[in-house]
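Student: I'd like to ask you about the structure that follows.
What follows is calculated from the coordinates using simple rules that are stated; it is not laboratory data. Everything numeric here is computed off the predicted structure, so don't read it as measured data. Quick reminder, even Gly has a Cβ in these numbers, built from the backbone with ideal geometry, and neighbours come from all protein chains shown.
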Amino acid sequence: MPDNFILVEHPLIKRDMTILRNSATDAELFRSALRRISKILAIEICRTLKLNETEVITPLERTTGYTLAEQVVITPVLRAGLGMVNGFLEVIPDSKVGHIGLKRDEDTLRPIYYYYKTPAELEDAKIIVLDPMLATGGSAAEALNYLKDSGGKDIVLACIVAAPEGIEKIRTAHPDVKIYSAALDRELNSKGYILPGLGDAGDRIFGT
């Protein structure tokens, strides 16, 4: 397993990945399975968050409680990354949300920007990039470039399915970025789609 890659294994992920991969799954069921997997990924990623101690008064006495010591910024890569946002917000409801708009040129497979908006202060934030399909890794690598150029330092990438080619791309371009994924698939086909994969995540999320 590459040292920049963390495969998040869980029986419920395996069940919901089967739903996502099934070509007969409709958009509503696809979105719900994606949200459930995203929540498990969020919980796993949050193991690395730093805490501050605080005092809390229970109905019986004072005791020690905890608050997050850092701002979390969830940043989906549009448009498929939007399908993961609600799952992450359910786990980290006080997160801020940025957006990076990228689309893939189907001839060159290179990413093209069309939108970028994030919170102003990224230097001290824990940034979680959401991109369901890590295929060639081109879009994710470019999104990471933008975030780093904007001051981001502590960044992780969360995806649903990853291909070896995409993992290697991120390892080479951004060796400091850890990848959390619910599945590691075999390879890319000649058009840059993941095999066995689950098709175009954006199309299946939005029914287009």
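Student: Output ³J(HN,Hα) for segment 56-71: one whole-Hz value per residue in order, computed from phi by the Karplus curve 6.51 cos²θ - 1.76 cosθ + 1.60 with θ = phi - 60°, and x for Gly and Pro.
Tutor: Karplus-based 3J(HN,Hα) across segment 56-71 equals 10, 9, 7, x, 10, 6, 7, 8, 8, x, 9, 10, 5, 8, 9, 6 Hz.
Student: Taking 25 °C and 0.890 mPa s as the conditions, I'd like the Stokes-Einstein D for segment 1-98 in µm²/s, using the Kirkwood hydrodynamic radius from alpha carbon pairs.
Tutor: Values: Rh = 15.7 Å.
Approximately 156 µm²/s, per Stokes-Einstein.
Student: Note down the magnitude of the dipole of segment 144-208 about its Cα centre, charges +1 on Lys and Arg C-beta and -1 on Asp and Glu C-beta and zero elsewhere, to the nearest 20 debye.
Tutor: On the way: 8 positive and 9 negative charges, 15 e Å.
That gives a dipole near 80 debye.
Student: While we're on this one: Enumerate the calculated ³J(HN,Hα) couplings along segment 181-198 in order (Karplus 6.51 cos²θ - 1.76 cosθ + 1.60, θ = phi - 60°), each rounded to whole Hz, writing x wherever the residue is Gly or Pro.
Tutor: 9, 7, 8, 10, 9, 6, 5, 9, 8, 5, 9, x, 8, 6, 10, x, x, 8
Student: What distance in nm separates the simple spin-label points at Ala69 and Ser23, each placed 7 Å from Cα in the Cβ direction?
Tutor: So the two model labels end up 5.1 nm from each other.
Student: Follow-up. Give me, ordered by chain and number, the residues 5 or more places off Tyr116 or on other chains with an amide H under 5 Å from its own placed amide H.
Tutor: Gly101
Student: Within segment 190-208, find all residues whose amide N lies under 11 Å from a label point positioned 7 Å from the Cα of Glu165 along Cα-to-beta-carbon.
Tutor: Taking a point 7 Å out along Cα→Cβ of Glu165, the residues of segment 190-208 whose backbone N falls under 11 Å are 190-195.
Student: Assuming 0.36 nm per residue, please report the length gained on full extension of the stretch Phe206 to Tyr116 beyond their Cα-Cα distance. Intermediate results must be reported in sequence, preceding the final value.
Tutor: Numbers: separation 90, 0.36 × 90 = 32.40 nm, distance 2.09 nm.
Roughly 30.3 nm would be gained on extension.
Student: Where in segment 48-80 does the amide nitrogen come within less than 14 Å of the point 7 Å from the Cα of Lys153, taken along Cα to Cβ?
Tutor: Label zone hits: 70-71.
Student: Taking just the alpha carbons, could you work out the radius of gyration and Dmax for segment 1-49, both in angstroms?
Tutor: 12.4, 38
Student: Sorted from largest down, give the three principal axis spans of the alpha carbons of the chain, whole angstrom values.
Tutor: Computed over the chain, the largest-to-smallest principal extents equal 63, 38, 33 Å.
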